[in-house]
Amino acid sequence: MNHGYCKNCWWWDYWKSLGIKQTRFGKCYIHNGNHEPYVTTSEEGYCPDYVNRKKEEKKSGTLKDWINCSKIAEKF
């Protein structure tokens, strides 16, 4: 297992909340729920299923490409 922060993980798609503290959150596509293709996590979340984004993009492409190819974006 690899452990690491969500903000650096290949499975994590970042978005910035409109909260007072401007905390950053994102969507984790590896830890999905039963009804959603992702779960929301903070950028400082820590996970045992971490995949290094830079290394994985060289090997597999971007997460956005994977989302488009797997048709997840069309389901929701």
Inter-site label distance for Arg24 and Glu43 at 7 Å from Cα along Cβ, in nm: 0.2 nm
Check which residues have an amide H placed less than 5 Å from Arg24's amide H, if you skip close sequence neighbours. Glu43
Full extension from Asn68 to Glu56: what is 0.36 nm times the residue separation minus their Cα-Cα distance, to one decimal in nm? 2.7 nm
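Every read-out reported here was derived from the displayed coordinates using simple, explicitly stated rules and does not represent laboratory data. Not measured: the values here are computed from a predicted model. Ideal geometry is used to build each Cβ from the backbone, glycine not excepted, and the neighbour counts take in all protein chains shown.
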